[in-house]
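Working notes, beginning with the structure itself.
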There are 4 protein chains.
Amino acid sequence: MGRVLRIGRVELKVLDLEKSVDYYTNIIGLEETGRMGDSVYLKAWDEFDHHSVILTKSNSPGLAHMAFKVETMDDLAYYEKKVEEFGCTTTRISNNTRLAEGEAVHFILPTGHHCELYHEIGFLGTAVGFRNPHPWPLGWKGIAPHRLDHILLTGNDLKTVTRFFVEALNFGQSEKVVTEGEEELLGSFLFTTNKAHDIAFVKGPDAKLHHAAFHVDSVHDVFKAADLLSMYNVPFDVTPTRHGISRGETIYFFDPSGNRNEAFANGYMSYADMPTITWDAAKIGTGIFYHARELSESFMKALT
Amino acid sequence: MGRVLRIGRVELKVLDLEKSVDYYTNIIGLEETGRMGDSVYLKAWDEFDHHSVILTKSNSPGLAHMAFKVETMDDLAYYEKKVEEFGCTTTRISNNTRLAEGEAVHFILPTGHHCELYHEIGFLGTAVGFRNPHPWPLGWKGIAPHRLDHILLTGNDLKTVTRFFVEALNFGQSEKVVTEGEEELLGSFLFTTNKAHDIAFVKGPDAKLHHAAFHVDSVHDVFKAADLLSMYNVPFDVTPTRHGISRGETIYFFDPSGNRNEAFANGYMSYADMPTITWDAAKIGTGIFYHARELSESFMKALT
Amino acid sequence: MGRVLRIGRVELKVLDLEKSVDYYTNIIGLEETGRMGDSVYLKAWDEFDHHSVILTKSNSPGLAHMAFKVETMDDLAYYEKKVEEFGCTTTRISNNTRLAEGEAVHFILPTGHHCELYHEIGFLGTAVGFRNPHPWPLGWKGIAPHRLDHILLTGNDLKTVTRFFVEALNFGQSEKVVTEGEEELLGSFLFTTNKAHDIAFVKGPDAKLHHAAFHVDSVHDVFKAADLLSMYNVPFDVTPTRHGISRGETIYFFDPSGNRNEAFANGYMSYADMPTITWDAAKIGTGIFYHARELSESFMKALT
Amino acid sequence: MGRVLRIGRVELKVLDLEKSVDYYTNIIGLEETGRMGDSVYLKAWDEFDHHSVILTKSNSPGLAHMAFKVETMDDLAYYEKKVEEFGCTTTRISNNTRLAEGEAVHFILPTGHHCELYHEIGFLGTAVGFRNPHPWPLGWKGIAPHRLDHILLTGNDLKTVTRFFVEALNFGQSEKVVTEGEEELLGSFLFTTNKAHDIAFVKGPDAKLHHAAFHVDSVHDVFKAADLLSMYNVPFDVTPTRHGISRGETIYFFDPSGNRNEAFANGYMSYADMPTITWDAAKIGTGIFYHARELSESFMKALT
């Protein structure tokens, strides 16, 4: 069976739909690809599937669901079975429940988050196309990330949710944060691609979103993104810095509903045979913010 | 079965072993990890396996062999069978034929290149380690790439070698260069990771090496590498530019035996479900050198 | 008396005025600030004076004139006298001969180029303003350089023109290229600001333009500029590289009339007390193109 | 008369001389060029004068003196007279009072800081030399800045000290921070080169040092510097960000005695004819830290 391909979409709950669309299109620089009901569908310029972000009007912010794309319909059935075997109840979501989507397998993570697997989704192509393409599209607005990169969630039982991703979905664990003697897992970083992480968890309340991250190319582009956020008066959580975990260059900021976003560059390549990198709890400050070397209260407390 | 993990090693034939070791350690910035017979073993600072480059004294330059690492011994047996089914004869190379290596499966590609699959190899770890690591090591010499990135070979029948990698080794094809009507394949770019390519072929004589590439982080590091090469008076083939194919930033230059090296940054992420990007033969100049928009004679002719 | 402030404007002769305006506004990213007769006036977003580039319709490309801004009207009179004392005939050009310009002092350089000094010119301000400014303007098109940076001309007698700039205009010489024993001067780089050069000369026919350069911030922006030029199919002379002379990062390309442009980043700071850097003629290749280490024919031959 | 060339040296008071030398040579990456008495003399690789930093053992940290280099001995006499005319008492410091220095003119600024003017100083040359130089030296340690860039001091009467630099030393004022109606000056940024500032003052106690800044090339090098500081466990004041004032990219950190240092990149070019940029007091947060948009307590309070 194939590996899970990637985190294909996140559905974010937003308070004011039009204000959110304005933010995600003009400041983040995603493209609106459709609307259905109370939801607006968006994709980044370098993504070819119909959408990677769904904004859905709601009374509170947060993550409605996230979904991982698999390579074939056989893979969908295979991973559905693995999820069931792990002990999570799955249900099939019929196609076109959301716009341009095929059938999906739904389940709830041990951390309480709604998660789906899917294979079928409409194809739109990238902004540069697949025939003699230019490397990037002219005139794109905003931060203009390549793609949705990863998501960080909070939960209580990180050992179980890690075991779920490793055993049921065949992810690797690139990094972990542990208390002395590894008695408790405070952070767990998981990958299915060759990125440093595709999904991660930190210790905290169940069913909460810490952030959704978008990929940009370089520290130069992280700075450009940070400048843009100041021009648009978007609130920052974290100004430009490097992560110890993942080595990536980063900024954090908030969408109009208070959902945290990240613009993330670089990060090492992971491989299935790499040893898991271990961070001692005492070093978590350096692990998260390599320069400041300590956690900020806002970074720990603001969850949606 | 797991996907093939990566191009794990290249064995380069070199004319003067000590001169070559000096070049690959002080200018490229690899670390010597061992010697056996007429061979010197090297790894990049961010690689954890025992070696990724073997320099072997020879009367002519070129590629002695390349090898792909698989995730388990079961994968080794699985891909061995697939290679046989494709019609390539395989032989087992016993462990410790070369330094720190386990058993390998050898075969000859349809383009005449010696290729191996393996799982077992000695573990040395990266220069920054796996416990509360710093993002990069202090005091490293030379270009200091993260890792061996990919290899480009020449061959006559690119359709068959592409089919081999796709069918026998489960690679994807990220890009191709075609004549009108796609009658002939002039270039084929293949991936097993999420990189734009892990191995590639361009039309040319069988069994020849075009270049071995090392990965650096950014266009800034490509320029730093180019500056270093001028300080050490290393001959360039191609000064800093961007590829249309892969979008990567690049320089090409020659080791003391005339084997072409590349320092390569960025490049897009590939996925198993991405459509293959097609370049028309008339656009190959732009595909290879996005700025100059034409091929140079040296780039086409110099092969080892 | 104050130092000469900067190269304030170049008037370029162009064959097709509208095509040239389209190129300099949409691809270079200058702003059109006015028209008069057969001329169009342009400035970069970070310049505050009315214009730095004048495009004038002509039957042949090249430099109509360049002009240096001085700090006060007293400085204008002072340098006028110095130019006369050097032996160049000066004439006063009355104000509003060209758009938004005050009176200027005209003379012909020992290399045959038309040169002016001026103090008065209309003030338009930068695109970010002078009250709580953002660091750069949103939505700017093209390469979007900060400013006109420098100009390179050819001439026969570089010793005399160097002496002119040093003695009459109080410039420093940052670098020179010399034949053995310094018998002949093949290149001369001159500064009045703290840049590596504000005007430079290389050995060649009198009264010719080699290139006009625009300033961008970094090697990243040089690459962005190079990508843009390929998207717009602008012909390159030199793809991204570093200069030995000035240390700057650079690309060269041609406007629609064949006038060479440069996008130039970095370069060291010069000071009036720095020793002149000397390049031996045998090293001129490295001095000009630090990576390729040899001159190209097009770079030497294409003049307007 | 010539303009004042640059801030040529700062003498910093340090508590532990050897620890400070270790920090300024191995982490900042300056070169020790001599010792005399309780002082160690240092220069950056791209500076040609004998020293730009003097570390002098003392019971408390802070600035012992700073000095500006002028172009000729005539300039020294000229500016000495101007300083006297402004109303500051000058005294001549005889040559060789400190190592490799000629005669200097000493006076006390309206803000209580010890300041000198000088022309003569020993010449050592840069690390790359003046004949066919490479663009940067191989094997340099630490942050490896090009040069001492500027200094920021605190004082009570910023209007008078600004008037001093403008009237007596012929500086320009690039930026200022003002209360409503410009009644009070909270910040004043002054230049004699084409940099955004060579010396600056913010409202605070007299005779105190806020920071001494070193110049690096790019945001990439600011990040490299920040990484190095974490590797060496140097305390940060401010992690990577952009300034609104000057547009520069920056980090702030502390030497072993608590003197604040900055690694500073880019910043716009200033000219004698540029209008002074004005920041309203309400926008000072954005002016200082363009991303965070508010001042931090440590940045305001930590002075030496």
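The values are calculated or read from the model by the stated rules, or taken from the named source; none is laboratory data. Since this is a predicted model, take the numbers as computed values, not measurements. Please note: Cβ atoms are built from the backbone with ideal geometry, for glycine as well, and neighbour counts cover all protein chains shown. Side chains included, ligands, DNA and RNA excluded: accessible areas come from the protein's heavy atoms. Shrake-Rupley method; radii C 1.70, N 1.55, O 1.52, S 1.80 Å.
Out of residues 5 or more away from D:Asp237 or on other chains, whose amide H comes under 5 Å of its own, with H placed 1.01 Å from N in the peptide plane?
The answer is D:Tyr252, D:Phe253, D:Phe254.
Past 31 Å, Cα to Cα, is the threshold; run D:Lys57/D:Lys141; D:Lys43/D:Lys208; C:Lys224/D:Lys69; A:Lys224/D:Lys141 against it and keep the listed order.
Flagged as over cut-off: C:Lys224/D:Lys69.
Between the label point of D:Phe130 and that of the same position in each other copy, find the distances and list them shortest first in nm, with every label point placed 7 Å from Cα along the Cα-to-C-beta direction.
3.8, 5.5, 6.1
So which residue, out of B:Leu185, B:Leu138, B:Leu30, gets the largest mean-square fluctuation from a GNM of chain B using Cα contacts under 10 Å as springs?
Looking only at B:Leu185, B:Leu138, B:Leu30, the largest GNM fluctuation is found for B:Leu138.
If the convex hull of the alpha-carbon atoms of the range C:127-234 is projected onto planes in all directions, what is the mean projected area in square nanometres?
Hull-based average projected area comes out at 9.7 nm².
Where q = 0.11 Å⁻¹, what log10 of I(q)/I(0) comes from the Debye formula for the range D:200-275, counting one point per Cα?
-0.32
Obtain the radius of gyration and the Kirkwood radius of chain A from its C-alpha atoms and give Rg over Rh. Kindly include the intermediate steps, with their values, before the conclusion.
Working: Rg = 18.2 Å, Rh = 19.4 Å.
Taking Rh as the inverse mean 1/r over Cα pairs, Rg/Rh reads 0.94.
Among chain B residues, which Cβ is nearest the axis of the B-onto-D rotation, and at how many Å?
For the rotation taking chain B to chain D, the closest Cβ gives B:His220, 2.
Please list, or write none, the aspartates and glutamates whose alpha carbon is within less than 15 Å of the alpha carbon of D:Lys301, excluding same-chain residues fewer than 8 places away.
Hits, sequence-local ones excluded: D:Asp206, D:Asp237.
Kindly report, to the nearest 10 Å², the accessible surface of C:Ile251 as traced by a 1.4 Å probe over protein heavy atoms only.
Using a 1.4 Å probe on the heavy atoms, I get roughly 0 Å².
When the accessible area of the protein assembly as shown is split by element with a 1.4 Å probe, what percent falls to carbon and sulfur?
49 percent
Averaged per residue, what accessible area in Å² does the range A:37-129 show with a 1.4 Å probe, protein chains only?
Dividing the accessible area of the range A:37-129 by its residue count gives 37 Å².
Rg over Rh of the range B:147-301, using C-alpha atoms and the Kirkwood radius, what does it come to?
0.95
At 222 nm, what helix-only mean residue ellipticity would the protein assembly as shown give, in deg cm²/dmol to the nearest 500, using -39500 (n - 2.57) for each DSSP H run of four or more?
Working: 24 runs with 196 residues, N = 1216.
Helix-only estimate at 222 nm: -4500 deg cm²/dmol.
Distance check, please: which entries in B:Lys82/B:Lys195; C:Lys203/C:Lys283; A:Lys159/A:Lys203; A:Lys195/B:Lys195; C:Lys195/D:Lys81 exceed 18 angstrom between their Cα atoms?
Pairs exceeding the cut-off: B:Lys82/B:Lys195; C:Lys195/D:Lys81.
Label position 7 Å from Cα toward Cβ: report the copy-to-copy distances for D:Ser298 in nm, one decimal, ordered from shortest.
1.6, 5.0, 5.2
Which of these, C:Pro137, C:Pro61, C:Pro240, has the largest mean-square fluctuation under a Gaussian network model of chain C (Cα springs below 10 Å)?
Checking each option, the largest mean-square fluctuation is seen for C:Pro137.
Given a 10 angstrom Cα cut-off, can you work out which residue in C:Gly87, C:Gly112, C:Gly287 is the most mobile in a GNM of chain C?
C:Gly87
Shortest first and in nm with one decimal, please list how far the A:Asp16 label point sits from its counterparts in the other copies (point 7 Å along Cα→Cβ).
4.9, 5.5, 7.1
Over the range C:147-301, what is the percentage of antiparallel beta bridges among all DSSP beta bridges, to the nearest 5?
DSSP beta bridges in the range C:147-301 are roughly 65 percent antiparallel.
Looking at the range D:178-265, which GluC sites (Glu not before Pro) are in a loop (DSSP not H, G, I, E or B) and have at most 11 other Cβ atoms within 10 Å?
D:Glu183
Using a 1.4 angstrom probe, figure out how much accessible area the range C:147-301 has per residue, in square angstrom, rounded to the nearest whole.
Ligands and nucleic acids excluded, the figure is 29 Å² per residue.
If the viscosity is 1.306 mPa s and the temperature 10 °C, what Stokes-Einstein diffusion coefficient in µm²/s follows for the range B:4-118 when Rh is the Kirkwood radius over Cα pairs? Could you put the intermediate results ahead of the total?
Numbers: Rh = 14.7 Å.
Reported coefficient: 108 µm²/s.
Got a sec? Charge dipole of chain B, +1 on Cβ for Lys and Arg, -1 for Asp and Glu; which of B:Pro235, B:Ala100, B:Leu15 is way out at the positive end?
B:Pro235
Compute from the Cα atoms of the protein assembly as shown the Rg and the Dmax, the latter being the longest Cα-Cα distance, and quote both in angstrom.
Computed over the Cα atoms of the protein assembly as shown, radius of gyration and Dmax are 31.2, 95 Å.
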